[in-house]
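Everything on this sheet refers to the single structure shown next.
The values are calculated or read from the model by the stated rules, or taken from the named source; none is laboratory data. Here the structure is a predicted model, which means the values were calculated and not measured. Note that each Cβ is placed from the backbone with ideal geometry, even for glycine, and that neighbours are counted across all protein chains shown. Calculation scope for accessible area: heavy atoms of the full protein, side chains included, ligands and nucleic acids excluded. Shrake-Rupley method; radii C 1.70, N 1.55, O 1.52, S 1.80 Å.
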Amino acid sequence: MFDFISKFKVNKNRKKLKDKNFEFLFEEDRSREFVVIDTETTGLNPKKDEILSIGAVKIKDNKILTSQTFEVFLKNSKEISSNSIKIHGIRPFDLRDAKTTKEGIVEFLNFVGSRPLVGYYLEFDVSMINKYTKEMLGITLPNRMIEVSEIYFDKTISLIPQGNIDLRFDTILKSCNIPNMGVHNAVNDAIMTAMIYLKLTQGKGNEKRDI
């Protein structure tokens, strides 16, 4: 029943596609790769905030393909707040040569294709990207999504029943014995998330939890 509902939603989404050049997003993925993504934004409200940068890295055969990272900076239409700069370190000067949102999103879609997406609080990142894909193409991202914090929760709750599970990113890094790369940007966060995913699914054939 779940598969039927899922396929129905995908087909409904596909019918809204305004540009047939992006049909590849709906094709069956045969790459055996996953794409770990992260975004840096002007804020936490997908309705009014904008993406400043997108970072991504591919995983294949339980290996992070660091030679195949993706990073793009996007022009934004509003002033970046000082509080926002403290978090992601992206200043107006850093966006001087940034690409238009259309250029950047098209590059991202071509990098990702129809591969499954992995992320930490991935729903937010996808919501931000969907804001642009809806306007440009009439669709939301059809890719299967895998949330690492849910995998971590499921793994941890079995060891600490009825316990309070700390799902903060730094806590998960420490728990998985993964070094913090320090510099907070979309690519580094994507790589660290990829390491978390592999650590949590190691030896289990890339166990996945979809959202």
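Here are some notes:
- Note on Lys60 and Asp19: their simple-model spin labels are 2.6 nm apart, each label 7 Å out from Cα toward Cβ.
- All alpha carbon pair distances within segment 1-106 were sorted into 10 Å bins beginning at 0; the resulting P(r) in whole percents reads 12, 30, 34, 21, 3, 0.
- Radius of gyration and Dmax over the Cα atoms of segment 81-187, both given in Å: 17.0, 50
- Using alpha carbons only: equivalent-ellipsoid semi-axes of the chain, gyration tensor based, whole Å: 26, 24, 16
- Most mobile listed residue (Ala56, Ala190, Ala98) in the chain, GNM with C-alpha springs under 10 Å: Ala98
- In nm, spacing of pseudo-spin labels at Lys134 and Asn177 (7 Å Cα→C-beta vector): 4.4 nm
- Over all distinct Cα-Cα pairs of segment 127-177, the Kirkwood formula returns a hydrodynamic radius of 13.4 Å.
- Heavy-atom accessible surface of the chain: percent carbon and sulfur, 1.4 Å: 51 percent
- For the chain, the longest site-free run once GluC sites (Glu not before Pro) in DSSP loop states with at most 16 other Cβ atoms within 10 Å are removed: 80-206
- Under the combined filter of DSSP loop state and at most 16 neighbouring Cβ atoms within 10 Å, segment 93-191 retains these trypsin sites (Lys or Arg not before Pro): Arg96, Arg168.
- Taking every DSSP beta bridge that has both ends in the chain, the antiparallel portion is near 75%.
- Cross-link partners of Lys155 among lysines, defined as those whose alpha carbon lies under 19 angstrom from its own and excluding same-chain residues fewer than eight positions apart: Lys174, Lys199, Lys204, Lys208.
- For the chain: accessible area per residue (Å², 1.4 Å): 57 Å²
- Among the listed pairs Lys63/Lys102; Lys20/Lys131; Lys15/Lys134; Lys9/Lys78; Lys12/Lys48; Lys20/Lys60, a Cα-Cα separation exceeding 22 Å is found for Lys63/Lys102; Lys9/Lys78; Lys12/Lys48; Lys20/Lys60.
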